Amino acid sequence: MLSGGTVRIIVMMAVPIVVILAGWYVATVLLRPPAPRNPWKDRAPMPTARQHPAVAVADDGTLYAVGGMTGLLGPMAATLEVYDPATETWTKRAPMPTPRDHLATAFVGGKLYAIGGGTLEGPNPGFLSTVEEYDPATNTWTAKAPMPTRRESFGLAAANGKLYAIGGVTFSGSTIQAAASVEAYDPATDRWITKAPLPTPRTGLAVVTGPNGKLYAVGGYKSGPLATVDEYDPATDTWTTKAPLLKARSSHGLAVANGKLYAIGGLTRDLKPTVEEYDLATDRWTLKGPMPANERRSMGVASVNGKVYAVGGCINGACPSATVDAFDPAA
């Protein structure tokens, strides 16, 4: 049996050990900084690797990837593949009648419209004015009235039942140049109407319709990447300059999620792609972090259920890619 003095000695020796262990637990467990959250998640890759595919989201939340380029310099793709985020599956559908890349797509009235683009193949290589309408219900394509201006690398967005083709690269006589032209297509009448031109002519820009019904033309290229942001009001046919991007970029993606705009990747002067978030209420851009790859451009970008999907493109100089990543702004 231990004496009272011996017990006191053992207790006194144990106290520092307990204090040390408690300090270690607080320092290494309770005060440990949380692991950094990764807002990017890998998703099921596209069946057909492509750069410059055009993507759009249907009313049922499925994502359509159409056209693009399946090699470094060709061939042009007519491929249409549909992605279901709920099941992580891709389905091949009827191909476009006209293979092309650098085209633009959008949904209006439940139909997908594939507009413009370019081709190096066939009897008439060059920029295209082609418009083709896809009906998901019948899995068929129909030719529509061509766009007045042949162009590629332009922006396209839908507002009030109409499609707006903005900027891009086109011909002026025999000279290739960045375009300022804006043309609106009405599917109900199958007619095009010229609208107020883009304040800054450029190619490689991205365009989306904001939650306020206005169109946003973001970034692009003219003698170098641009940080320019212009807002278009379809109701008044007027443009307003907005706060520029934090980083000038072209061949990037743009999407709306949870009421904010997200500029994704692209060609930048430092070749380091980032994500920027735009708050319409404050007219302010905020850096949201890097992309998973050291370089990502020429991909299709669209949002589904609050997440932004980057589809295909070029990654770290490798073109084309089948990679699909999803960015969660809430993560």
Here the residues within the stretch 269-307 that are at pLDDT 95 or above and among the polar types (S, T, N, Q) are 274, 282, 286, 298, 303, 305
For the stretch 267-285, enumerate the residues that are free of Cβ contacts under 8 Å to residues at least 40 places away in the same chain and not hydrophobic (A, V, I, L, M, F, W, C).
-> 270, 272, 273, 274, 276, 279, 282
For the stretch 63-94, how many residues are without any contact (Cβ under 8 Å) to a residue 40 or more places away in the chain, surrounded by fewer than 22 Cβ atoms within 10 Å (Cβ to Cβ) and assigned to a loop (DSSP other than H, G, I, E, B)?
-> 4
Of the residues that sit in the stretch 98-120 and are within 19 Å of residue 298 (Cβ to Cβ) and part of a loop (DSSP other than H, G, I, E, B), which one is modelled with the lowest pLDDT?
-> 120
Could you list, in sequence order, all residues of the stretch 192-225 that are over 19 Å from residue 301 (Cα atoms) and assigned to a strand (DSSP E or B)?
-> 192, 193, 194, 195
When you scan the stretch 121-153, how many residues do you find that are farther than 17 Å from residue 302 by Cβ and either crowded, with 17+ Cβ neighbours inside 10 Å or at pLDDT below 95 (or both)?
-> 21
Positions within the stretch 39-62 being closer than 17 Å to residue 135 by Cβ, surrounded by fewer than 16 Cβ atoms within 10 Å (Cβ to Cβ) and either in contact (Cβ under 8 Å) with a residue 40 or more places away in the chain or within 16 Å of the chain's Cα centre (by Cα) (or both), in sequence order = 58, 59
Do we find a residue being more than 30 Å from residue 194 (Cβ to Cβ), in contact with a Ser or Thr (Cβ under 8 Å, 6 or more places away or on another chain), surrounded by fewer than 19 Cβ atoms within 10 Å (Cβ to Cβ) and not charged (D, E, K, R) anywhere in the stretch 305-318?
-> no
What number of residues within the stretch 246-260 satisfy the criterion of being surrounded by fewer than 22 Cβ atoms within 10 Å (Cβ to Cβ) and of a type in the set (A, V, I, L, M, F, W, C)?
-> 4
Test each condition in (1) surrounded by fewer than 22 Cβ atoms within 10 Å (Cβ to Cβ); (2) of a type in the set (Ser, Thr, Tyr); (3) in a strand (DSSP E or B) for residue 236 and report the one that comes out false.
-> (3)
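Within the stretch 281-331, track down each residue that is hydrophobic (A, V, I, L, M, F, W, C) and within 16 Å of residue 90 (Cβ to Cβ).
Restricting attention to the stretch 281-331, the residues satisfying the condition of being hydrophobic (A, V, I, L, M, F, W, C) are 281, 285, 287, 291, 293, 299, 301-302, 304, 308, 310-311, 314-315, 318-319, 322, 324, 326-327, 330-331.
If the condition is that a residue be hydrophobic (A, V, I, L, M, F, W, C) and within 16 Å of residue 90 (Cβ to Cβ), then 299, 302, 304, 310, 311, 322, 324, 326 are the ones that fit.
The values are calculated or read from the model by the stated rules, or taken from the named source; none is laboratory data. None of these values were measured; they are calculated from a predicted model. Heads up, the Cβs are rebuilt from the backbone with ideal geometry, glycines too, and the neighbour counts pull from every protein chain shown.
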